[in-house]
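What follows draws every value from the coordinates through simple rules; no lab data is involved. Because the structure is predicted, anything quoted here is derived from the model rather than measured. Because the Cβ atoms are built from the backbone with ideal geometry, glycine has one as well, and the counts that use them run over all protein chains shown.
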Amino acid sequence: MDEVIRVEGLTKQFGTLAVLRGIDCSIRASEVVCVIGPSGSGKSTFLRCLNGLEDASGGQVLVGGVSVHDPKTDVDALRSEIGMVFQRFNLFPHKTVLENITLAPTKVRGLSSAQAHSRAHELLVKVGLLDKIDAYPNQLSGGQQQRVAIARALAMQPRIMLFDEPTSALDPEMVGEVLAVMQALAEEGMTMVVVTHEMGFARQVADRVLFIDEGLVVEEGTPADLFDRPQEERTRRFLSKVL
Amino acid sequence: MEQVLWFGWFRADIIAEYAVLFWRGLQMTILVTLICIVQGTALGLGVGMARLAEARHAPARQLCRFALRWPATVYVSFFRGTPLFVQILLIHFAVLPLFINPADGLLISGETARNLKQNYGAFLSGVLALTLNAGAYISEIFRAGIQSIDRGQVEASRSLGMSFPRTMFHVVLPQAFRRMLPPLGNNAISLLKDSSLISAIGLAELAYAARTVAGAYSRYWEPYLTISLMYWVLTLGLAYVVKNLEARYGRGDTR
């Protein structure tokens, strides 16, 4: 059991609003963890704390044994090992698909442009968008943009991938293509934390599901346990609304 | 020289006689404008970033507030809140002599100071005042441009392990620059026109040339109409350059 992420008593306060109220969890290498919960429950904030996009108010997050929120931590080095995919894709609109993917590997990893190019090539084949290599993001559909965003994150060869509601901004017919890429990634053994409303995906791909509500992990377990035999009343209430 | 009348009233011979003066004035106006655009943009970038400086942890947090944001805010407020004309006079007659003075200049003194003041005094003061003034306005353009970029862009870049300066340079500024071009263009045009105020401290640029000619002949239509046309052509040229830049940097932009 090879722990890569450890969260201890994580709290997050926005002014007087307590968004996270003490979250503990541990994620092993190659594990796929889906985080579900009602909107405003703190699940996105939790995810953003994992790579330090959000400060912690209390508690700590350890990634590979390194404390994410310690001021002495080289947060850039840490983040280069943690890929992140956003709800709104956040591709760089002034750069082509190729440039989006090669930017960080050349600047942060010091790859030559030839090396970065061939890596981008491979990844675009993987997400099925090689023909869009010279397109600009605004020439792509939402699903295509999200697949490019996944390729961009993977180009850093991260050990962990975080997904923040990656299909929530997509038209329904494009959700499948993005989930397929994510499923393939999970099958390759990538460690993944996925905040999602796609219960079907969570059930099928996740090793473990966390149900977060009001800033706490209310219940966690295998998809079968959590979806079919929820123990907590709040979990049951939530599931009855979304399933 | 023989009088040459255009349309029965325009003494073209006056302009021809002073062609060299107008030509030198034009060169000086262009030189001052270019220097101030370049320096003002660099200054504006620095000040604009300083006004946005934030850090998470002490002591960098306090440093950003007191050593960067506050001085930058005061600077911008002062130079936007006082007339450029007054700034030029203040810098030429009060600030510059403090630093460059034959007797006790803080920066340069002695014979060098005397020569410098005599030959380049108006030029230095004028360029300094115009740069400081333009820097204040341009910093606001940078600040607005940077703030207009979606937070998600910064987050995406940082999540890839890109440092803050790299994120600024490769992700935020190129996008902000596209949006800043129209206001920067307007600012450059203002700068070009405002450079005429430096004639008040005796810099031989276009407006100074016109005043000289007007004084010599007691005729006002000819010199001032001439430089008006020259300014107009210059501002049209600047507007054209900005338009082309906008088209060039517009790639990938959705709006």
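You will find that of A:T45, A:T73, A:T11, the residue that is within 18 Å of B:F164 (Cα to Cα) and of a type in the set (S, T, Y) is A:T73 and no other. Within segment A:188-211, being under 15 Å from A:R28 (Cα atoms) and either in a helix (DSSP H, G or I) or among the polar types (S, T, N, Q) (or both) holds for one residue alone: A:T191. Being within 13 Å of another protein chain (Cβ to nearest Cβ) and out of contact with any helix residue (DSSP H, G or I) (no Cβ under 7 Å at 6 or more places or on another chain) is a description that does not apply to A:E122. Scanning segment A:81-98 for residues that are of a type in the set (K, R) and in contact (Cβ under 8 Å) with a residue 60 or more places away in the chain gives a single hit, A:R88. The residues of segment A:170-185 that are outside any loop (DSSP other than H, G, I, E, B) and either touching a Phe, Trp or Tyr at 6+ places or on another chain (Cβ under 9 Å) or over 13 Å from A:L154 (Cβ atoms) (or both), listed by number, are A:P172, A:E173, A:M174, A:V175, A:G176, A:E177, A:V178, A:L179, A:A180, A:M182, A:Q183.
What about A:Q115, is it more than 13 Å from chain B (Cβ to nearest Cβ) and either assigned to a helix (DSSP H, G or I) or in contact with a helix residue (DSSP H, G or I) (Cβ under 9 Å, 6 or more places away or on another chain) (or both)? In short, yes.
Considering each residue of segment A:29-38 in turn, none proves to be out of contact with any His (no Cβ under 7 Å at 6 or more places or on another chain), within 14 Å of chain B (Cβ to nearest Cβ) and surrounded by 22 or more Cβ atoms within 10 Å (Cβ to Cβ).
Selection over segment A:198-229 of residues that are of a type in the set (K, R) and surrounded by fewer than 16 Cβ atoms within 10 Å (Cβ to Cβ) gives a count of 1. Scanning segment B:147-177 for residues that are within 7 Å of another protein chain (Cβ to nearest Cβ) and crowded, with 18+ Cβ neighbours inside 10 Å returns B:Q153, B:E155, B:A156, B:R158, B:S159, B:L160, B:G161, B:M162, B:R166, B:H170, B:V171, B:Q175.
In the set B:R211, B:R143, B:R219, which member is more than 30 Å from A:R79 (Cα to Cα), more than 14 Å from every other protein chain (Cβ to nearest Cβ), out of contact with any Pro (no Cβ under 8 Å at 6 or more places or on another chain) and of a type in the set (D, E, K, R)? Matching residue, one of B:R211, B:R143, B:R219: B:R219. Flag set for B:Y224, criterion: more than 16 Å from the chain's Cα centre (by Cα), of a type outside the set (A, V, I, L, M, F, W, C) and more than 30 Å from A:N100 (Cα to Cα). Among residues of segment A:64-86 being under 16 Å from A:M192 (Cβ atoms) and more than 7 Å from every other protein chain (Cβ to nearest Cβ), the one that is surrounded by the most Cβ atoms within 10 Å (Cβ to Cβ) is A:G83. Kindly provide the set of residues from segment A:46-58 that are over 10 Å from the mean Cα position of the chain (by Cα) and either more than 14 Å from chain B (Cβ to nearest Cβ) or within 24 Å of A:L243 (Cα to Cα) (or both), ordered by number. Once the filter is applied, which keeps residues that are over 10 Å from the mean Cα position of the chain (by Cα) and either more than 14 Å from chain B (Cβ to nearest Cβ) or within 24 Å of A:L243 (Cα to Cα) (or both), segment A:46-58 yields A:F46, A:G58.
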